[in-house]
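As structure tokens, the structure follows; a few thoughts come after it.
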Number of protein chains: 2
Amino acid sequence: MKLPDSLVDTLHAVFGKEGCSTNEAKRLAYAYDNSRRNALPDAVVFAQEHPQIESLVRVCREHRVPVVARGRGTNTTGATVPVDGGVVVSFERMNRIVRIDPENRYAIVEPGVLNGDLQIALRPHGFFWPPDPTSSPWCSIGGNLACNSAGPRTVKYGSPRENTLGLRAVAGTGEGFRCGTYTSKGATGYDLTRLLIGSEGTLALITEATLKLTPKPTGLRTLRATYRDVSSAAHAVARIMAQPVTPCALEFIDDVALKLARDHGGDSVPVAGAMLMIEVDGEPETLPSAVEAVSRAARGDGLDELRVAQTAEETQALWSARKALSPAQRTISPNKINEDVVVPVSRLPELVDGIRLLSKKHDVLIVTFGHAGNGNLHVNLLPRDEAERERAHVCLAEVFALVISLHGTLSGEHGIGLVKREFMPLALQPSTLNLMHNVKAAFDPDGILNPGKLLP
Amino acid sequence: MKLPDSLVDTLHAVFGKEGCSTNEAKRLAYAYDNSRRNALPDAVVFAQEHPQIESLVRVCREHRVPVVARGRGTNTTGATVPVDGGVVVSFERMNRIVRIDPENRYAIVEPGVLNGDLQIALRPHGFFWPPDPTSSPWCSIGGNLACNSAGPRTVKYGSPRENTLGLRAVAGTGEGFRCGTYTSKGATGYDLTRLLIGSEGTLALITEATLKLTPKPTGLRTLRATYRDVSSAAHAVARIMAQPVTPCALEFIDDVALKLARDHGGDSVPVAGAMLMIEVDGEPETLPSAVEAVSRAARGDGLDELRVAQTAEETQALWSARKALSPAQRTISPNKINEDVVVPVSRLPELVDGIRLLSKKHDVLIVTFGHAGNGNLHVNLLPRDEAERERAHVCLAEVFALVISLHGTLSGEHGIGLVKREFMPLALQPSTLNLMHNVKAAFDPDGILNPGKLLP
């Protein structure tokens with residue numbers, strides 16, 4: 001699609017020569033994301049301030065041209081791929097930390113601030129922002145909010161929805177608005193803040209966020225527990241979550257993943273039926289009792305070994321298996337299908353067993369690991385050739401059906417984007433999907449914001 | 001308004017003889033709430049199961065008759081007063097705890113379950129549901145969700161929006177739907193769960209809730225700190241919130257409130273410029289260090305005395321002032337205006353000083369106390385006669401303007417209902433209000449759900 005000249009003129013006027021491009025090389029660089037899908041946008045603009053976004057959306061609406069917001073493209077669902085062309089608006093240059101206010105426990109940031117940069121800026125104040133995707137050094141806060149992206153710490157500290165006070169944004173009409181509060185409590189009208197979080201740029205473009213800060217505990221202890229089999233480990237997870245000391249990470253790694261990590265990461269990776277990596281945080285004087293409480297729960301039928309790291313080096317060694325996993329998977333399958341299903345914690349044994357059966361049935365290698373404390377597992381299908389890739393896609397549909405049958409849901413932290421859209425009717429009733437379509441129309445009457453994503 | 005016969009026939013058919021009344025005495029009993037406003041409904045029905053609500057909303061929509069959901073009417077904003085008549089649907093008989101699932105840290109409840117009854121049922125499992133309005137023994141979970149009602153514990157554990165996983169509900173079309181998850185993490189589509197929470201029955205009627213449970217710490221310590229003046233106390237609040245140990249209650253009481261409590265509650269209430277009641281919880285072995293951390297922050301310029309209760313009796317004695325406040329206020333003014341504004345914690349000194357000036361300017365007694373850790377203060381205007389009542393209303397508008405100027409908002413936990421609706425444009429931009437109206441239309445196209453509430 002060629003953009004109308006008058007639209008391109010407006011983009012140039014609003015974003016300047018340096019902030020707007022229709023050059024193909026530039027457009028190619030903004031055509032893809034970590035889903036490995038891609039589609040060429042017709043223009044790329046680089047936002048620097050809120051009023052530009054109002055102008056952008058207004059002129060695009062006039063011409064019924066899609067607008068796709070982009071942070072750093074680290075998402076795995078195709079949520080930032082401009083499948084219908086249009087304008088990609090990159091927030092990478094809109095990356096100021098506007099204010100850090102430790103007294104009031106909030107930080108105001110622009111959407112292009114990197115998650116990792118924010119954490120570094122918060123450190124001297126003794127605070128952190130809990131959401132911690134693995135891509136933290138390279139992913140933007142705007143992207144975290146758009147996808148409700150989280151990480152290991154969610155088990156104790158929650159996802160972006162629990163850690164955001166307010167937003168400034170631009171709806172699909174081009175109208176700017178603020179929602180939420182600067183306070184940690186609010187009951188003044190509908191919660192539009194949480195509605196925008198996880199909406200993947202389909203309702204509004206976020207231009208500023210007021211993030212709720214949490215005091216950073218000064219102590220941390222790492223434990224590693226290996227088990228006879230996945231079922232013993234999964235039961236230990238349920239025991240740990242049923243006692244009062246909530247760990248700040250509770251990661252599960254199945255035997256297939258452990259073997260893979262050991263093949264690639266060496267002998268420091270243990271041989272076991274399954275492994276849990278557990279972290280507890282708190283003020284230093286409270287750590288011994290916390291470690292003891294969690295250890296008590298981790299022990300039980302099927303435990304092989306429980307180790308508590310005593311030094312930073314030991315901590316690193318304990319994490320080596322988890323760290324070796326990503327490169328190991330890439331070696332086997334450059335086309336891995338990376339899912340992040342969630343089930344209630346007590347259903348983890350059934351999930352893991354069921355996935356094993358599906359892996360056999362479809363003859364596709366599947367490794368399973370992830371944020372077990374939330375019941376949120378990364379189910380990675382690793383097809384090695386085209387035939388396996390086809391079988392993997394059939395298998396995936398059955399994985400989702402299994403998850404739903406266990407009262408789980410499609411995604412815990414990656415979102416839906418392009419790649420899981422077709423499965424939404426598995427997870428949500430027609431009436432719920434209808435309401436979501438109505439909400440979409442309420443914010444974006446002409447459907448110009450990130451078309452083709454999230455809703456089927 | 002007389003209801004059409006065919007509508008009344010349907011109500012009788014759906015709810016049975018015992019579950020439906022158009023009798024005036026019965027209707028009178030459901031005409032009011034704790035706001036002391038009242039308006040007679042045309043019928044009252046008593047729900048017992050979800051399908052009844054679908055039938056109710058469908059038939060009322062056909063006849064364009066309002067439907068007003070009611071828990072136990074403890075709200076203070078008129079949110080359950082049927083100002084346009086219609087049918088009040090009471091959930092008091094739909095009060096089953098469907099399931100308590102400690103392994104997965106959730107409980108499934110019907111909306112009529114009382115908050116206090118749920119807490120008692122959770123106790124043997126070692127869990128609690130954090131929202132704790134003062135009316136806990138008498139208020140329903142459905143009402144808590146509708147108003148996003150909270151209490152002192154919110155400072156550490158959050159409000160209903162942070163403590164609810166999923167809902168079943170009926171939209172203004174009569175269509176039933178489920179939203180949210182049974183898991184502690186989810187990124188599958190728009191967050192309709194949080195959108196319904198705090199929407200005061202204007203978007204949908206909640207028929208079931210999946211509540212997120214939190215392990216109940218087994219230890220609790222109570223501290224009382226008295227200060228020279230309100231400003232010193234407010235600064236101590238900011239210091240306490242800027243260090244890592246978050247108290248599970250951080251309550252402020254100003255000098256006017258203290259004097260009032262002392263006049264009515266006796267000598268155990270201290271004479272001071274301001275007082276903080278602080279509670280810290282945790283596992284018993286962690287309490288001494290937590291008490292020490294909070295005490296360190298509570299100390300500082302203007303501290304008169306810091307006491308830590310050593311026994312249950314001492315704890316009760318320390319809370320006596322806070323407990324004496326409500327009856328004391330009622331004695332002075334049966335028509336107290338009970339607000340619950342919020343400002344960022346560091347603006348508390350300005351808020352308290354500003355309120356003092358407004359109290360003088362309008363010659364109306366105002367007492368200020370409440371959940372200081374969230375910046376959420378109850379500003380109670382106590383007019384003693386009609387002339388004072390008129391002045392109080394003028395004063396109230398200026399209180400709200402002050403709050404907004406300090407980057408605060410109208411309500412922290414009571415909601416908007418009928419009584420604060422006119423002030424919404426002070427707190428929210430026209431564009432934000434427009435979007436809220438669009439969202440309302442998306443759920444309730446004919447505007448039959450709780451008309452006249454929340455949105456101006």
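For beta carbons closer than 6 Å, sequence separation of 6+ or different chains, a first residue in the range A:293-314 that is in the same structural domain as A:Val230 (by TED's automatic domain parsing) and a second that is assigned to a loop (DSSP other than H, G, I, E, B) and crowded, with 17+ Cβ neighbours inside 10 Å, the qualifying pairs are A:Ala293/A:Val245; A:Val294/A:Val245; A:Val294/A:Pro247; A:Asp304/A:Ala272. Checked against (1) at pLDDT 95 or above; (2) small (Gly, Ala, Ser); (3) under 18 Å from B:Gly415 (Cβ atoms), B:Gly370 passes all but a single condition, namely (1). Within the range A:153-183, the residues that satisfy the criterion of being of a type outside the set (Lys, Arg) and within 30 Å of A:Phe252 (Cα to Cα) are A:Thr154, A:Val155, A:Tyr157, A:Gly158, A:Ser159, A:Pro160, A:Glu162, A:Asn163, A:Thr164. Out of the residues in the range B:1-26 that are without any contact (Cβ under 8 Å) to a residue 24 or more places away in the chain and basic (Lys, Arg), state the one that is surrounded by the most Cβ atoms within 10 Å (Cβ to Cβ). Per the criteria, the residue is B:Lys26.
The rows are residues; the columns are (1) in contact (Cβ under 8 Å) with a residue 24 or more places away in the chain; (2) in the same structural domain as A:Ala171 (by TED's automatic domain parsing); (3) in contact with a helix residue (DSSP H, G or I) (Cβ under 8 Å, 6 or more places away or on another chain); (4) buried (at least 23 other Cβ atoms within 10 Å of the Cβ).
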position: A:Ile416; (1), (2), (3), (4): yes, no, yes, yes
position: A:Met424; (1), (2), (3), (4): yes, no, yes, no
position: A:Leu433; (1), (2), (3), (4): no, no, yes, no
position: A:His437; (1), (2), (3), (4): no, no, no, no
position: A:Pro451; (1), (2), (3), (4): yes, no, no, no
position: A:Leu454; (1), (2), (3), (4): yes, no, yes, yes
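Does A:Arg239 satisfy being under 28 Å from A:Val399 (Cα atoms), assigned to a helix (DSSP H, G or I), of a type outside the set (Phe, Trp, Tyr) and not assigned by TED's automatic domain parsing to the domain that holds A:Arg37? Against the criterion (under 28 Å from A:Val399 (Cα atoms), assigned to a helix (DSSP H, G or I), of a type outside the set (Phe, Trp, Tyr) and not assigned by TED's automatic domain parsing to the domain that holds A:Arg37), A:Arg239 qualifies.
Of all residues in the range A:113-161, those satisfying the criterion of being outside any helix (DSSP H, G or I), among the hydroxyl-bearing types (Ser, Thr, Tyr) and more than 9 Å from every other protein chain (Cβ to nearest Cβ) are A:Thr134, A:Ser135, A:Ser136, A:Ser140. None of A:Glu251, A:Glu279 is away from chain B (no Cβ under 14 Å), under 23 Å from the mean Cα position of the chain (by Cα) and modelled with pLDDT of 90 or more except A:Glu279. Per the conditions (1) in contact (Cβ under 8 Å) with a residue 40 or more places away in the chain; (2) facing chain A (nearest Cβ under 7 Å); (3) surrounded by fewer than 24 Cβ atoms within 10 Å (Cβ to Cβ); (4) not hydrophobic (A, V, I, L, M, F, W, C), the sole criterion not satisfied by B:Arg178 is (1). Applying the selection to the range A:204-225, what residues are at pLDDT 95 or above, assigned to a loop (DSSP other than H, G, I, E, B) and among the β-branched types (Val, Ile, Thr)? Correct list: empty. Looking only at residues in the range A:181-206 that are among the hydroxyl-bearing types (Ser, Thr, Tyr) and surrounded by 24 or more Cβ atoms within 10 Å (Cβ to Cβ), the one that is nearest to B:Gly198 (Cα to Cα) is A:Tyr190. Listed by position, the helices (runs of 4 or more DSSP H) enclosed by the range B:340-437 that each have at least 2 residues that are facing chain A (nearest Cβ under 10 Å) are B:424-427.
Let's see how each residue does on (1) touching a residue at least 12 places away in the same chain (Cβ under 8 Å); (2) surrounded by fewer than 23 Cβ atoms within 10 Å (Cβ to Cβ); (3) within 30 Å of A:Leu7 (Cβ to Cβ):
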| site | (1), (2), (3) |
| --- | --- |
| A:Gly85 | yes, yes, yes |
| A:Val98 | yes, yes, no |
| A:His125 | yes, yes, no |
| A:Asp132 | yes, yes, no |
| A:Pro137 | yes, yes, no |
| A:Cys147 | yes, no, yes |
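Would you check which residues across the range B:35-75 are assigned to a helix (DSSP H, G or I) and hydrophobic (A, V, I, L, M, F, W, C) and list them? Talk me through it step by step, then tell me what you get.
Going residue by residue through the range B:35-75, those that are assigned to a helix (DSSP H, G or I) are B:50-62.
B:Ile53, B:Leu56, B:Val57, B:Val59, B:Cys60, listed by residue number.
Looking only at residues of the range A:162-175 that are in a loop (DSSP other than H, G, I, E, B) and touching a residue at least 60 places away in the same chain (Cβ under 8 Å), we find that the one that is nearest to the other protein chains (Cβ to nearest Cβ) is A:Glu175.
Can you say whether A:Thr218 is without any contact (Cβ under 8 Å) to a residue 40 or more places away in the chain, β-branched (Val, Ile, Thr) and surrounded by fewer than 18 Cβ atoms within 10 Å (Cβ to Cβ), as far as the supplied structure shows?
Values: without any contact (Cβ under 8 Å) to a residue 40 or more places away in the chain: no; β-branched (Val, Ile, Thr): yes; surrounded by fewer than 18 Cβ atoms within 10 Å (Cβ to Cβ): yes.
Here the answer is no, as A:Thr218 does not meet what is asked.
The residue that is farthest from the other protein chains (Cβ to nearest Cβ), among those in the range A:283-321 that are surrounded by 14 or more Cβ atoms within 10 Å (Cβ to Cβ) and within 20 Å of A:Asn374 (Cα to Cα), is A:Trp319. Is there a residue in the range A:103-111 that is of a type in the set (Ser, Thr, Tyr), within 16 Å of A:Thr214 (Cα to Cα) and in the same structural domain as A:Leu196 (by TED's automatic domain parsing)? Checked the range A:103-111: at least one residue is of a type in the set (Ser, Thr, Tyr), within 16 Å of A:Thr214 (Cα to Cα) and in the same structural domain as A:Leu196 (by TED's automatic domain parsing).
Of all residues in the range B:195-215, those being at the interface with chain A (Cβ under 7 Å from one of its Cβ atoms) and over 22 Å from B:Arg70 (Cβ atoms) number 1. Looking only at the range A:164-200, residues that are touching a strand residue (DSSP E or B) at 6+ places or on another chain (Cβ under 7 Å), within 25 Å of A:Leu455 (Cα to Cα) and small (Gly, Ala, Ser) come to 6 in all.
Residues in the range B:282-301 that are farther than 18 Å from B:Ala249 by Cβ, assigned to a loop (DSSP other than H, G, I, E, B) and charged (D, E, K, R): B:Arg299, B:Asp301. Which one of these is under 27 Å from A:Ala392 (Cβ atoms), modelled with pLDDT under 90 and buried (at least 17 other Cβ atoms within 10 Å of the Cβ): A:Ala324, A:Ala274? Answer to the selection: A:Ala324.
The values are calculated or read from the model by the stated rules, or taken from the named source; none is laboratory data. Only a predicted model underlies this, so the values are computations on that prediction, with no experimental measurement involved. As a convention, Cβ positions derive from the backbone with ideal geometry for all residues, glycine included, and neighbour counts pool all protein chains shown.
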